[in-house]
Amino acid sequence: MSETTTTTARADRRASNSSEEILDAAQRIVKRDGAAHLTIDGVAREAGLSKGGVLYNFPNKERLLKGMLDRMLQNTIQLLEAFREEFADGPNPTLRAIIRTTANKECLDPTLSRAILAVAAEDPEMLTPLHAELAKRWEQVRQECEDRDMAALLWAAADGLMFHALLDIGIFPPEKRAELLEKLDELAATACK
């Protein structure tokens, strides 16, 4: 391996590690202090990096928030794919995976989700990757499920329960929410053929 190739590989690895450290630091700030307190300077301090190091990876606050959204989306997709694989031999694996994913605590980071929703309200383009992912999943659900209206209702109900939890407006305690999501999963496995 040439010296140039080795140097480039190290720089790429450092940038990748720095990006994750920066996103972790930004997430800690949002959780602890709220999205209004998310600044490039604050993230640099929290990550133990220079402001230039943060700006190298994320040139502005919007790109930082987009990076947080992209990472959250990728983590959710990985979890959804794992559930989809688990349900692959049964009916409606994508719908069941969606319902199970909305029930998963790893996907429910209310502070981060609210921060991203607030920014996305001002910049709807930020949600383009999410729109594409949802359209892809709906097409999968349509191909797997004969009763598409029932599938849409079950998905909407699961999302409603998730958004109640994310926005902290739900009237159902966590154990009741879990019970309702379990019922939605049962319906997706039996009533939505």
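Observations
Rundown of residues vs (1) farther than 29 Å from A35 by Cβ; (2) open to solvent by less than 40 Å² (accessible area, probe 1.4 Å), yes/no style:
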{"site": "L79", "(1), (2)": "no, yes"}
{"site": "N92", "(1), (2)": "yes, yes"}
{"site": "R100", "(1), (2)": "no, no"}
{"site": "I116", "(1), (2)": "no, yes"}
{"site": "E125", "(1), (2)": "no, no"}
{"site": "L154", "(1), (2)": "yes, yes"}
{"site": "L161", "(1), (2)": "no, yes"}
{"site": "L167", "(1), (2)": "no, no"}
{"site": "K183", "(1), (2)": "yes, no"}
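- Yes/no for A82 being more than 27 Å from R137 (Cβ to Cβ) and in a helix (DSSP H, G or I): no
- Some residue of the stretch 21-38 being outside any helix (DSSP H, G or I), open to solvent by 30 Å² or more (accessible area, probe 1.4 Å) and under 21 Å from A121 (Cβ atoms): no
- When the stretch 148-193 is limited to residues that are under 15 Å from R100 (Cβ atoms) and among the small types (G, A, S), the one that is modelled with the lowest pLDDT turns out to be A165.
- Residue match in the stretch 143-161 (condition: under 21 Å from G90 (Cα atoms) and either among the aromatic types (F, W, Y) or touching a strand residue (DSSP E or B) at 6+ places or on another chain (Cβ under 8 Å) (or both)): yes
- The stretch 42-56 - residue that is part of a helix (DSSP H, G or I) and over 15 Å from R28 (Cβ atoms) and, of those, least open to solvent (accessible area, probe 1.4 Å): G53
- Taking the stretch 102-114 as the range and being more than 19 Å from L181 (Cβ to Cβ) and open to solvent by 60 Å² or more (accessible area, probe 1.4 Å) as the test, only R114 passes.
- Some residue of the stretch 112-124 being at pLDDT below 95 and of a type in the set (V, I, T): yes
- Meets criteria (in a helix (DSSP H, G or I) and closer than 29 Å to Q27 by Cβ) for E133: yes
- If only residues of the stretch 69-98 that are of a type in the set (V, I, T) and at pLDDT below 95 are counted, the one that is nearest to M162 (Cα to Cα) is T76.
- Filter result for R63 (among the basic types (K, R) and either open to solvent by less than 60 Å² (accessible area, probe 1.4 Å) or outside any helix (DSSP H, G or I) (or both)): no
- Within the set E146, E179, the sole residue that is in a helix (DSSP H, G or I), of a type outside the set (F, W, Y) and either farther than 18 Å from S113 by Cβ or open to solvent by 90 Å² or more (accessible area, probe 1.4 Å) (or both) turns out to be E179.
- Scanning the stretch 120-140 for residues being in contact (Cβ under 8 Å) with a residue 60 or more places away in the chain and more than 18 Å from T76 (Cβ to Cβ) gives a total of 1.
The values are calculated or read from the model by the stated rules, or taken from the named source; none is laboratory data. Not measured: the values here are computed from a predicted model. Counting neighbours? That spans all protein chains shown, and the Cβs are built from the backbone with ideal geometry, glycine included. Quick note on the areas: whole protein, heavy atoms, side chains included, nothing else; ligands and nucleic acids left out. Shrake-Rupley method; radii C 1.70, N 1.55, O 1.52, S 1.80 Å.
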